[in-house]
Amino acid sequence: MRYLPVNYDTKNKNVLILGGGLLALSKIKELLNTEFKIYVIADSFVDEIKKLAQTNSDRLFTKEEKLTENFIFFAYDYLLIATNNFELNAAFEKRAQKSKILYERCDITSESTMLLNKVIEKDGLTVGISSSKLNPTITGILYEDISAMLEKYSSEKIKILNKIRTELIRKNSPNTDEIIRELYDKEKLTLDTYLKNLNYKPEQVSENTENKEETANEITDENIEDIEIKEVEKTEVTEVLDTDKSETE
């Protein structure tokens, strides 16, 4: 695998796109989902790029200029070469290589130093898909299938599991990943209680209630693997289920 999928921080970054046709348009649509400031230079622009520039005037800037092999670009964090002229793209690629700038040539993969993936993002989960331009149709089909699959996941459940994992790591607990995998199949109510116990502090328990003290012992590194649901959790779950049953009847 030559190109490693990574997360790239686009905050306070500038990207230059050379070209104003359909190749450039597809990249602009992806980049508008980032925090890049986008600068596009071309001989002319398709109408949709003009419309996007109007509706995103704070981040998308276009300039009509005749592009030649002698065009000089500098001070950009990322370059996308997307003109409809193969020879011109080749000349820009050589200049990018000499300038040591991160670039992608959009007509062919060539020696591009960074590839822009098609990205799906939902509730903090990010999935990047790339076919290295060999078959964008297949990439589109996979994008649709994965988007549909992500809709089946509970964002609330994932958020709770993220909090639990953070707390387990903070407590330096062993086998954190195995614990999260086991908890994944639990109901949201059980996860809420588990998280509550992880955040338990002894001073929160009344000194006069010995039973509560016994059932709400602080979770430690030694016993955390063996804990699934304490007796107090079982009581809370039972009460909720009984309440739901009474309301249904």
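The values are calculated or read from the model by the stated rules, or taken from the named source; none is laboratory data. Quick caveat, the model's predicted, so the values are computed rather than measured. Glycine also receives a Cβ, built like all others from the backbone with ideal geometry; neighbour counts cover every protein chain displayed.
For this structure, a couple of remarks:
- Segments classed as strands (runs of 3 or more DSSP E), wholly inside the stretch 1-92, with at least 3 members that are of a type in the set (A, V, I, L, M, F, W, C): 14-18, 37-42, 78-81
- Of the residues in the stretch 142-162, not one is within 24 Å of residue 20 (Cα to Cα) and surrounded by 16 or more Cβ atoms within 10 Å (Cβ to Cβ).
- Set 150, 168: member being in contact with a Ser or Thr (Cβ under 7 Å, 6 or more places away or on another chain) and among the hydrophobic types (A, V, I, L, M, F, W, C): 168
- Some residue of the stretch 88-95 being surrounded by 13 or more Cβ atoms within 10 Å (Cβ to Cβ) and either under 29 Å from residue 147 (Cα atoms) or acidic (Asp, Glu) (or both): yes
- Qualifying residue in the stretch 197-212 (condition: at pLDDT 50 or above, outside the structural domain of residue 26 (by TED's automatic domain parsing) and in a helix (DSSP H, G or I)): yes
- Residue check, residue 53 assigned by TED's automatic domain parsing to the domain that holds residue 13, modelled with pLDDT of 95 or more and not acidic (Asp, Glu): yes
- Taken over the stretch 18-32, the criterion of being in contact with a strand residue (DSSP E or B) (Cβ under 9 Å, 6 or more places away or on another chain), over 17 Å from residue 54 (Cα atoms) and hydrophobic (A, V, I, L, M, F, W, C) is satisfied by 18, 23.
- Comparison of 41, 28 shows that the only residue that is surrounded by 11 or more Cβ atoms within 10 Å (Cβ to Cβ) and under 23 Å from the mean Cα position of the chain (by Cα) is 28.
- Of the residues 22, 18, the single one that is surrounded by fewer than 19 Cβ atoms within 10 Å (Cβ to Cβ), within 28 Å of the chain's Cα centre (by Cα), modelled with pLDDT of 90 or more and outside the structural domain of residue 143 (by TED's automatic domain parsing) is 22.
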